[in-house]
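The values are calculated or read from the model by the stated rules, or taken from the named source; none is laboratory data. Source: prediction; values computed, not measured. Using ideal geometry, Cβ is built from the backbone for each residue, glycine included, and neighbour counts are taken over all protein chains shown. The protein model used for the area step is the full one, side chains on, heavy atoms only, and it has no ligands, DNA or RNA in it. Shrake-Rupley method; radii C 1.70, N 1.55, O 1.52, S 1.80 Å.
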Amino acid sequence: MVSIDRFSGNPLLSPDPKKNWESEAVFNGCVVEEKNADGSFVQHMLYRAMGKAQNVGGINLELSTIGIADSIDRMHFQNRRQLIVPQNDWEKYGCEDPRITKFEGKYYVFYTALSKFPPDADSIKVAVAVTTNLSRIEEKHIVTPFNAKAMALFPERIDGKIAAILTVHTDLPPAKIGIALFDEISQIWDRKYWERWYGDLDHHVIPLLRSINDHVEVGAPPIKTSEGWLILYCYIRNYMTYHKIFGIEGLLLDLHDIRKRLGRTRKPLLIPEKDYELYGKVANVIFPSGALASNNHLGIYYGAADNTCCLATCNLDTLLSDIRPKSRRRQAYLGLKIFEPYMGNPILKPIPEHDWESKYTLNPAAIFLDCKVHILYRAMGKDDTSVLGYASSRNGFIIDERLSEPVYVPRESFEKKTHPGFSGCEDPRLTEIGDRIYMCYTAYDGVIARIALTSITTEDFVNHRWNWEKPILISPPGEFDKDATIFPEKINGKYAFIHRLQSSIWIDYVDDLKFGRNRFLGGKAFMHPRPDKWDSDKIGLGPQILKTQYGWLMIYHGVGKNDKKYRMGAVLLDLQDPSKIIAWMDDPVLEPLTKSDYQGLRPGTVFACGAVVVDNELFMYYGAADQYSSVAKINYPKFLNELKAAIYPAS
C-alpha cells in the first residue's frame, strides 16, 4: 500500500497580511515545471488568493484573484505576485482555482470565473487565460456555456487531438467528470463546440461516483506515467449532508484512449487530519490542485481548509501498483477448488450520472466474439425499470468499453410498468446459433414475470447496431417463469430450452421458435432442490449452456433454506438427453466471499447469467448483492475434470 507523507514544512504558502490581495487566504495551488538553459529546473505555483473585503459592483466581498510564486526545489516558493484579476463581466466577481498546463509553447491557465455574487450555478463557469511567459496574460476567454469547474489540459496531444478533462454540474449535482477532445486550440472557447459536446454529455463522462450523495471534482492536471495518465481528483463523501468527508483519490486512464479507465484508488490517499486541514476558512477540507512527478517521486499540492497551500509526497510506482487492479486467488470451499473472484471486482457499478443505471448494475450475460467478451447487464435507475446496458472487455476483467445509453429497453406491454415498483427486462442469457444471437430474458410488468425471447444478427451485435427482433413471450400466461436459455444447437432435431418453474429447473423441446396461440414452454422438471444441502430451498439456471466433450455444462444458482444465500453450483448433462444428469458437484463452485457480495440490495448473493471460455480459462459473470456486476475465473480443463468425477447419482 502506498504511504502518503505530508511535507514537514507545511503549509507552503499562507496568507500575507501585508498584501491586501492575498491577506485572507491562499490555497489550491497548481504547479508547472520548466527546464532552464543550464539544465536546472524552476517551478511556478499558481494559486487562488483572497484579499480584504472590497466593493465590487456595489457588493462587499473578499475577491478571489490568482497569484503566482516561484521555486527551485518544489517546496519553498517565493516572489509572490498577482497574475490574473477580473477584467470581464463573466469574471467580475472572482477568478478561482487555477490549473496550469504548458502545451506547445504556451501556458494555458483554466480557472473558475464568477459572473454574479452570490453565485448561482449559471454564473459559475470555466475560463482560460493564455500566456507565453507567465508575466503577462495575452488572451482570456470564457470556455463553458454551462455550469462547470476544475478543467485542465493534457500536456500533449492524444492520438493527434488536444485533450482536456473537466467537471460539469459542480453546482447542479451530481457532478460529472468528462473528457473533451479538440482539433485546434480555438475550439476550447468555441461555444458551438461546447453546445454539441454538452448535448451528448454522458458519452464523455468517466464514471466515478460511488453514491448519488457523493461529489467529485478534477484535481491536478494529468500526469503522464509509464502505466497511463494519472489523474488526482477530489472525492467528497456524503456531499449532500452536513457530514462531508473530503479526500484525495487517484485515477489511471489509458495513454492512447483517455476515455478508458484502467483503475482507481479504492479509498482516499489523504483526508483532513492536521490542524491546518481541520481549521481555516472552510474547516475539514483538502483539495488536490497540482502535482509534479520526478524520479519515481510524486508531489501532490493541495489546498487545506480553503486557507493555505500544502504538499504531500509518495512513491509513484507504489501508487500506480495500488491503482492497477490485479487478480486474486480465493481458497476452496470445504477443500474443493472454486472460481476465483477478480481482485478488481465489481467490474460494473451503478453510474449516478446516468439516470437509467444510477441504482443497480447486475446479473450480466456474456458472450465471446471477435476476441472480446461482450457483456449485457441489467441496469436500473430511479424509476426502478430494468433495461440492458452494454460493456466489453478484451482480457475478461477490465472493461474497455461501456456505452452511455441502454441497448435494450422495454418495448411490449408485457414488460412495461403497470404500477410503481420494479419492472422491465431482467436477467438476460445470450446464445449464438448460426449467424444470430438469441436472448432469453425475464419480462416483468410488475405483476407477473414471464420469459421473453428475441434475437439479433451476430454482425449487428458486434457492430453495435441494436436491431433486435420483436420480443415474444415463450412461457405460459399466469405462471412465474424465469432463468431461461436456449441450447446452442438442436438436440435430436429439436430446439431445447432450460427454464425455472416453482423451485426447480425444467427442460423442454420444440420443433421451431414460433410461440404463442397456446404454444408455450412446458416440458418436465429434471433438477430439484437437495434437502440438507446448500441449495435446499430453490434452484435455477445460471449462465447459458456450454457444450463440452463430456456433456453439457450447466452452472446453476441455488438458495439455502437456512441462510438464504445465493450460491452457484455445476452439473454435467448428457449430450443426447440433457434431462439426464451425469455429474453433479456437491459443493458450490462460487459463493459470496467478497465485500461487494454483501454490500447491496440483497447481501450474500452471487447470481451468474453469463460464462465464456478464453484460453483454457472459464470466466463467469455474476451479479453481486443484486447491486453490482463481477467476474470470477477457473482453469477450464481442471474444472471439467473435477466435475466429471462427481458422478451422479453417487455410488
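How many Å² of accessible area per residue for segment 422-509, probe 1.4 Å?
On a per-residue basis, segment 422-509 sits at 35 Å².
Which FRET efficiency, nearest 0.05, do Ile212 and Ala283 yield, Cβ-Cβ r, R0 25 Å?
0.50
Measure of size requested: the Rg and Dmax of segment 84-156, with Cα atoms as the atom set and Å as the unit; please supply both.
Cα radius of gyration and Dmax of segment 84-156 are 11.9, 37 Å respectively.
Can you figure out the FRET efficiency of Lys382 with Lys564, using R₀ = 35 Å and their beta-carbon distance, to the nearest 0.05?
Between Lys382 and Lys564 the formula returns 0.80.
Where does the charge balance sit around Val387 when Lys and Arg score +1, Asp and Glu -1, over other residues with C-beta under 9 Å from its C-beta?
Net charge in that neighbourhood comes out at 0.
List every residue whose amide H lies under 5 Å from the amide H of Ala449, counting only residues 5 or more places away in sequence or on a different chain, with H placed 1.01 Å from N in the peptide plane.
Asp481
What is the distance, in nm, between label points placed 7 Å from the Cα along the Cα-to-Cβ direction at Ile137 and at His419?
It works out to 6.1 nm between the two label points.
Evaluate the charge dipole of segment 480-527 about its Cα centre and quote only its size in Debye, nearest 20, assuming +1 on the Cβ of each Lys and Arg and -1 on the Cβ of each Asp and Glu.
120 debye
Need the C-alpha centroid separation for segment 217-240 versus segment 4-19, integer Å.
Value for the Cα centre distance between the two parts: 22 Å.
From the cross-link list Lys470/Lys564; Lys224/Lys267; Lys18/Lys274, which pairs have alpha carbons spaced over 28 Å apart?
Result: Lys470/Lys564 exceed 28 Å.
Just need log10 I(q)/I(0) for segment 179-234 at q = 0.20, 0.22, 0.27, 0.28 Å⁻¹, Debye formula, equal scatterers on the alpha-carbon atoms, no solvent, rounded to two decimals.
-1.00, -1.08, -1.13, -1.13
Just to be sure I understand the model, the point goes 7 Å from the Cα along the line to the Cβ. What's the resulting Val447 to Asp5 distance in nm?
6.9 nm
When each pair of different Cα atoms in segment 1-140 is counted once in the 1/r mean, what is the Kirkwood radius in angstroms, to one decimal?
After inverting the pairwise mean of 1/r, the radius is 16.0 Å.
Projecting each Cα onto the charge dipole of the chain (Lys/Arg +1, Asp/Glu -1 at the beta carbon, about the Cα centre), which of Thr112, Tyr198, Ser404 comes out farthest on the positive side?
So the residue furthest toward the plus end is Ser404.
Could you order Glu432, Glu22, Glu459 so the one with the most accessible surface comes first? Probe is 1.4 Å.
Most to least solvent-accessible, the answer reads Glu459, Glu432, Glu22.
Can you find, among Pro207, Tyr301, Pro155, the residue sitting farthest towards the positive end of the charge dipole of the chain, where Lys and Arg contribute +1 and Asp and Glu -1 at Cβ?
Towards the positive end, the residue furthest out is Pro207.
On a full-extension model of 0.36 nm per residue, what is the gain between Lys514 and Met343, subtracting their alpha-carbon distance, rounded to one decimal in nm?
The Lys514-Met343 span can extend by a further 57.2 nm.
About the Cα centre of the chain, what is the dipole size in debye to 20, counting +1 per Lys and Arg Cβ and -1 per Asp and Glu Cβ, all else neutral?
With Lys and Arg at +1 and Asp and Glu at -1, about 900 debye.
So what J values fall out for segment 101-113 if you push phi through Karplus, 6.51 cos²θ - 1.76 cosθ + 1.60 with θ = phi - 60°, rounded to Hz, Gly and Pro as x?
9, 8, 9, 6, x, 10, 9, 10, 10, 8, 8, 8, 10
May I ask you to compute the full-extension gain from Tyr598 to Arg81, defined as 0.36 nm times their residue separation minus their alpha-carbon distance, rounded to one decimal in nm?
Full extension of this stretch gives 180.8 nm more.
Which sequence of Ser579, Ser475 reflects their accessible areas, 1.4 Å probe, from the largest down?
Per-residue accessible area, sorted high to low, gives Ser579, Ser475.
Would you mind working out the magnitude of the charge dipole of segment 1-51 relative to its Cα centre, with +1 at each Lys and Arg C-beta and -1 at each Asp and Glu C-beta, to the nearest 20 Debye?
Here segment 1-51 has a charge dipole of around 140 debye.
Quantify, in whole percent, the carbon and sulfur part of the accessible surface of the chain (1.4 Å probe; protein heavy atoms only).
Ligands and nucleic acids excluded, carbon and sulfur reach 47 percent.
Hey, can you grab everything whose amide H is under 5 Å from the amide H of Phe7? Only 5+ residues off in sequence or another chain; H modelled, so Pro and N-termini drop out.
The list, which skips near neighbours in sequence, is Leu311, Ala312, Thr313.
For segment 531-651, what are the per-bin percents of Cα-Cα distances with bins 10 Å wide, up to the bin holding the maximum?
Per 10 Å bin, starting at zero, the Cα-Cα P(r) for segment 531-651 comes out as 14, 45, 33, 8, 0 percent.
Can you figure out the FRET efficiency of Lys524 with Leu201, using R₀ = 51 Å and their beta-carbon distance, to the nearest 0.05?
The pair Lys524/Leu201 has a calculated efficiency of 0.50.
Full-extension gain between Asn467 and Asp574, please, as 0.36 nm times their residue separation minus the C-alpha to C-alpha distance.
Going from the current span to full extension adds 35.0 nm.
Give a residue-ordered list of calculated ³J(HN,Hα) values for segment 224-237 (Karplus: 6.51 cos²θ - 1.76 cosθ + 1.60, θ = phi - 60°; whole Hz; x for Gly, Pro).
7, 10, 5, 8, x, 7, 8, 10, 8, 9, 8, 10, 10, 7
Provide the three semi-axes, in whole Å and in decreasing order, of the ellipsoid equivalent to segment 112-187 as defined by the square roots of 5 times the Cα gyration tensor eigenvalues.
Values for segment 112-187, descending: 23, 18, 9 Å.
In the neighborhood of Ala624, defined by Cβ-to-Cβ distances under 11 Å, what is the net charge if each Lys or Arg adds +1 and each Asp or Glu adds -1?
Combined, the nearby Lys, Arg, Asp and Glu give +1.
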